[in-house]
Amino acid sequence: MIDVLKKLSDAAVQNFGAEYAELRAQRLNKTMLTVKENRVEAAKQGIEEGIALRVLVDGTWGFASVGSIDTAALTRAVSDACRMAKATSSRLKAPIKLAETKTIEDCVQIKPKENPSEINLEDKIGAALSLSKVILGVDKRVKSCTVDYLDLTGTNYLVTSEGTRITQDKLYVWSRVTSSAVSKGVFTFSREEIGSTAGYELFDAETLERIGEKVAKRAVEQLRAKPPKGGVFPVVLGSNVVGVFVHEAFGHLAEADLALSGGVLANNLGKKIASDKVTFYDDGTAKDAFGSFKYDDEGVPTQKTLLIKDGIVAGLMHNRETAAKFNVEPTGNARAEDFRVEPIIRMRNTYMAPRDHSFEELLEGIREGYYFKSFRGGQANIDGTFQVGIQEAYEIVKGEVGEPVRNASISGNTLETLFKVDAAGKDFQLWPGRCGKGQTAFVCDGGPHIRVRGVTVGGNA
Amino acid sequence: MAMLEKDVMLTLAEKTVETALIKGAAEAEAYVYEGQATSVGIERGQITKSNRITDRGLGIRVAVNRAVGFAYTNILDSQSAVEKAVINALSAARASKPDADWNGLPEKRGYATAEKTFDARIAELHPEELVNLAAVMLDAATNADKRVLPVEGGAAAGYVTNAIVNSNGISGFDKGTMSECSLAAVAKEGNRVTPICFEFNAERSFNLDAEWVGKETARLAASALKTEPIETKNTKLILTQFALQELLYYTLINAVKADNVQRGQSAFKGKIGAQVASENITIIDDGLFAGGLRTATFDGEGTPRQKNLLIEKGILRSFLYDNYAAKKEGKASTGNAARAGYLSTPSIETTNFHLSPSPTATEELLSEVDDGLLVYYLQGAHSSNPVSGEFSVVATPAWKIRKGEIAHCSRGVMLAGNIFEAIKNVTAVAGNERKMGQLIAPWILVENVKVIGK
């Protein structure tokens, strides 16, 4: 495969005058399952392969992908990409340049303890059904559950005209479990995700019983919950909510492409934008984590990238193009969902570093506030406005966790909120998830529990 | 890759179904898909890239002893790869459990014609035409206001063809085109940066108003520079199509899907014939809407697309079905099975979710608001409670309406409520309908929504 890619790369450079050519090929196998209540919706098995090529011609990107490794189709794709780039370059003011990076020749093989592609489909279906049984058995008010399962195995190939040749195995195992409970006209909803780049042994650590009970009990607990009061309150955020805050509210702003597009961080490098308690990383090296890999889709080695240190902006997440603009080293954040699409700047495992407080110490001194333990969804805008919906929340009354609260959400301005972080816990956890930015990327986010002096809480009461 | 011919696609689908039956499937269905999209992209004020994505593949669904299995492959030029997919589908079915509610694949029905879904100009489009379109849009935006920075966007055009064959005699072929231009921009003045403002135009034919998209994006971004806080209270909202699409997708649209109703996951369960919305609300899911972005001859299972009256003057009339959910109730599918290309099994989805407009002009709608908000973009609608309909979202930005006129912009405004209550409080709808994804709707006026200011 590497030889096929090398020939295409040569053709782009020699026949079409490309300054740079990057060829990626993929062969993927996927297994997908959905179980609703005790019914197996179609079990699915897929095979796909294809090639993506990206070229720089006259300082402009051209990209083409084809779901085929047929020679005629590929030759045509090279010509398409180069000609389209040339046509586009007519209006270019500032040609694109790439930061230098070492060329790499490597073959990354992974040897999972339990390779999901070697586990019988019957066993995977059996596991999903037994999980479903656990959930529905927790309480008679639990009315529904959906278990989604995905495993993906395969190989990525990368060749660049600069001489990089990488073969890299891919492995992901992921599951999402949702359940709802109903009582007296109140509907509640709960979700949990697990995911790993290790292997099927993921389910040895996160046993099905534990996940199922957690999801179902949360849905039931919310039945007696009340809506929150709207307004500004001091809050304690659980590790899971801190994770989504780090990812959505801050992480996207620290993606160099968004920072360049008028985001609030571009002019704040080296400046203090958060309280002393705040240190953030985007780390592609965390062992087995859902957002880890060895090389990104431009062939740049992944790394542990410091984003904020003790409140001061230390760096951004880069691909080779933005690294050249900022005159820094690329950080290995260029990722493509698959061969169909181009690599763009994506997060990996993004988290806040822990400090020294116990959970009780974080609660101390809050007379009236909320403990937001687990999120339902989150989103942010380039101007720094964020919103995080909460699926598990409690009142804090006089320094103690009180009654459950449902359908809360928090909002604010990211930088203002980061200054209000006045304590961080000594606990730490990473949470797997999927991030959407036109393409889907597998990521983790996380951190310790933290205390924030004031955020706007949206509620119905 | 050149476009696959109709005969080639149908023959491949037929042969795949035959192979599956020979290898032991009780029933089989093959779906062949091809799509190509060409685009040019804008980043930070200039056109920097072009893309061409060509994707094709085959999805096969089989039933063995009332257990269903599915497999796909995108390797179509090799007979052994297609055979391997058939074997994978069969092994998936055999590994699965029988489903007592599985009552077979759909039966053959006649197709109506989908109108205005294909434009030959798109199939033959030269990428330079897209570059020109993007340039017109970009110039329109930057010439309209110097404070406006186009952040991203572009112009794109593409086609999709698909063929479906099943062992009950269904055999269908359909093709369609799509084109789009879009622009996202911020406005900057001193240290102030606005939230991203966005506009687009999407059509099935190659008739795009790129200049309008550029100007309108710039107007929205510039008007978001001047902000003032607003107070916390219950107020009137005018929801534009952007806000409606976000709010409805995760709540109301969920509630009219028959599988959710059957599973007790819909607030509309048992409410057919009941008043569930204000009498200003009539919604038809119209799979045949001429030129609709989701219009097609047949759905993902080969069932003809049709018009389905969902809510008539506020009264709930029916739900959306695919073949499985319909047969479970002894009904006929409403043609609402959707697929994500060849990669997925069919699932229930809206087609063109058409909220009927009124003759009311938008100015008239605005003039009915003494004190309220005009809402475009929402953050966090996906974290709504899909079953109860409770939402708590941020409007970034929203425009304050005072005495029927836009007074100023406001940021980080939280809106909280319940969509099933909100649709009962729709006191007026306008006449300015437009297509946006699955939604075709005008602006609507909702009363008494909780707004949390700063």
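The values are calculated or read from the model by the stated rules, or taken from the named source; none is laboratory data. Fair warning: this is a prediction, and the values are worked out from it, not measured in the lab. Cβ atoms come from the backbone with ideal geometry, glycine included; neighbour counts cover every protein chain shown.
From the list B:LEU138, B:LEU149, B:LEU133, B:LEU125, pick out the single residue that is closer than 30 Å to B:ALA218 by Cβ, in contact with a helix residue (DSSP H, G or I) (Cβ under 6 Å, 6 or more places away or on another chain) and assigned by TED's automatic domain parsing to the domain that holds B:ARG52.
That would be B:LEU133, the only listed residue that is closer than 30 Å to B:ALA218 by Cβ, in contact with a helix residue (DSSP H, G or I) (Cβ under 6 Å, 6 or more places away or on another chain) and assigned by TED's automatic domain parsing to the domain that holds B:ARG52.
I need the full set of residues from segment A:253-291 which are of a type in the set (S, T, N, Q), assigned to a loop (DSSP other than H, G, I, E, B) and surrounded by fewer than 21 Cβ atoms within 10 Å (Cβ to Cβ), in order please. Answer for segment A:253-291, where residues must be of a type in the set (S, T, N, Q), assigned to a loop (DSSP other than H, G, I, E, B) and surrounded by fewer than 21 Cβ atoms within 10 Å (Cβ to Cβ): A:SER275, A:THR285. Comparison of B:GLY417, B:GLY389, B:GLY380 shows that the only residue that is farther than 27 Å from B:SER358 by Cα and within 12 Å of chain A (Cβ to nearest Cβ) is B:GLY380.
Determine whether segment A:218-241 contains at least one residue that is among the aromatic types (Phe, Trp, Tyr) and outside any helix (DSSP H, G or I). The answer is yes; a qualifying residue exists. Under the condition of being assigned to a loop (DSSP other than H, G, I, E, B) and either closer than 24 Å to B:SER205 by Cα or among the small types (Gly, Ala, Ser) (or both), the residues counted in segment B:290-317 number 14.
Does A:ILE47 qualify as being crowded, with 19+ Cβ neighbours inside 10 Å, in a strand (DSSP E or B) and at pLDDT 95 or above?
yes
So in segment B:124-133, with the set limited to residues that are within 14 Å of chain A (Cβ to nearest Cβ) and part of a loop (DSSP other than H, G, I, E, B), which one is surrounded by the fewest Cβ atoms within 10 Å (Cβ to Cβ)? Out of the qualifying residues, it is B:HIS126. Of the residues that sit in segment B:46-81 and are more than 7 Å from every other protein chain (Cβ to nearest Cβ) and assigned to a strand (DSSP E or B), which one is farthest from the chain's Cα centre (by Cα)? The residue in question is B:VAL64. Here is the figure for segment B:82-91: residues that are over 30 Å from the mean Cα position of the chain (by Cα), in contact (Cβ under 8 Å) with a residue 24 or more places away in the chain and more than 30 Å from A:SER79 (Cα to Cα) total 4. The set of residues in segment A:156-171 that are surrounded by fewer than 19 Cβ atoms within 10 Å (Cβ to Cβ) and hydroxyl-bearing (Ser, Thr, Tyr) contains only A:THR167. Suppose the filter is β-branched (Val, Ile, Thr), surrounded by 24 or more Cβ atoms within 10 Å (Cβ to Cβ) and not in a helix (DSSP H, G or I); does A:THR188 pass it? Criteria met by A:THR188.
Among strands (runs of 3 or more DSSP E) entirely within segment A:396-451, having at least 3 residues that are modelled with pLDDT of 95 or more singles out A:400-405, A:421-424, A:429-436, A:440-447. I'm trying to understand the selection: among the residues of segment B:367-413, which are surrounded by fewer than 23 Cβ atoms within 10 Å (Cβ to Cβ), under 26 Å from the mean Cα position of the chain (by Cα) and of a type in the set (S, T, N, Q)? Listed by number, the list holds a single entry, B:SER388.
Might you check whether a residue that is within 9 Å of another protein chain (Cβ to nearest Cβ) and part of a loop (DSSP other than H, G, I, E, B) occurs anywhere in segment B:359-366? No, every residue in segment B:359-366 fails to be within 9 Å of another protein chain (Cβ to nearest Cβ) and part of a loop (DSSP other than H, G, I, E, B). Within segment A:1-29, being within 24 Å of the chain's Cα centre (by Cα) and either modelled with pLDDT under 95 or surrounded by fewer than 19 Cβ atoms within 10 Å (Cβ to Cβ) (or both) holds for A:ARG27, A:LEU28, A:ASN29. Among the conditions (1) touching a strand residue (DSSP E or B) at 6+ places or on another chain (Cβ under 7 Å); (2) more than 8 Å from chain A (Cβ to nearest Cβ); (3) assigned to a loop (DSSP other than H, G, I, E, B), the only one that B:LEU90 does not satisfy is (3).
Quick one: which residue in A:ALA87, A:ALA73, A:ALA94, A:ALA127 is within 14 Å of another protein chain (Cβ to nearest Cβ), of a type in the set (A, V, I, L, M) and within 19 Å of A:ILE47 (Cβ to Cβ)? Walk me through how you get there before you give the answer.
On the way: A:ALA87 fails: within 19 Å of A:ILE47 (Cβ to Cβ); A:ALA94 fails: within 19 Å of A:ILE47 (Cβ to Cβ); A:ALA127 fails: within 19 Å of A:ILE47 (Cβ to Cβ).
Selected residue: A:ALA73, the only one of A:ALA87, A:ALA73, A:ALA94, A:ALA127 that is within 14 Å of another protein chain (Cβ to nearest Cβ), of a type in the set (A, V, I, L, M) and within 19 Å of A:ILE47 (Cβ to Cβ).
Restricting B:ARG121, B:ARG109 to residues that are in contact with a strand residue (DSSP E or B) (Cβ under 8 Å, 6 or more places away or on another chain), more than 14 Å from every other protein chain (Cβ to nearest Cβ), among the charged types (D, E, K, R) and touching a residue at least 60 places away in the same chain (Cβ under 8 Å) narrows the list to B:ARG109. Screening the candidates B:ALA277, B:ALA290, B:ALA340, B:ALA296 for the property of being small (Gly, Ala, Ser), without any contact (Cβ under 8 Å) to a residue 12 or more places away in the chain and under 23 Å from B:GLY437 (Cα atoms) yields one hit, B:ALA340.
Of the residues that sit in segment A:224-248 and are more than 17 Å from A:GLY369 (Cα to Cα) and within 11 Å of chain B (Cβ to nearest Cβ), which one is modelled with the highest pLDDT? My answer is A:VAL244. Residues that are among the charged types (D, E, K, R) and within 23 Å of A:LEU307 (Cβ to Cβ) were ranked within segment A:347-382; the one that is surrounded by the most Cβ atoms within 10 Å (Cβ to Cβ) is A:ARG348. Taking the listed residues A:GLY399, A:GLY412, the one that is farther than 15 Å from B:GLN379 by Cβ, touching a residue at least 24 places away in the same chain (Cβ under 8 Å) and in the same structural domain as A:GLY238 (by TED's automatic domain parsing) is A:GLY399, with no other qualifying.
So which residues in segment B:330-354 are outside any loop (DSSP other than H, G, I, E, B) and either within 14 Å of chain A (Cβ to nearest Cβ) or surrounded by 24 or more Cβ atoms within 10 Å (Cβ to Cβ) (or both)? Hits for segment B:330-354 are B:ALA337, B:GLY341, B:TYR342, B:LEU343, B:SER347, B:ILE348, B:PHE353.
Can you go through B:THR19, B:THR11, B:THR38 and tell me which one is farther than 30 Å from B:MET137 by Cβ, touching a residue at least 24 places away in the same chain (Cβ under 8 Å) and of a type in the set (Ser, Thr, Tyr)? On inspection, the qualifying residue turns out to be B:THR19. B:ASN432 meets all of the listed conditions (1) surrounded by 22 or more Cβ atoms within 10 Å (Cβ to Cβ); (2) at pLDDT 95 or above but one, namely (1).
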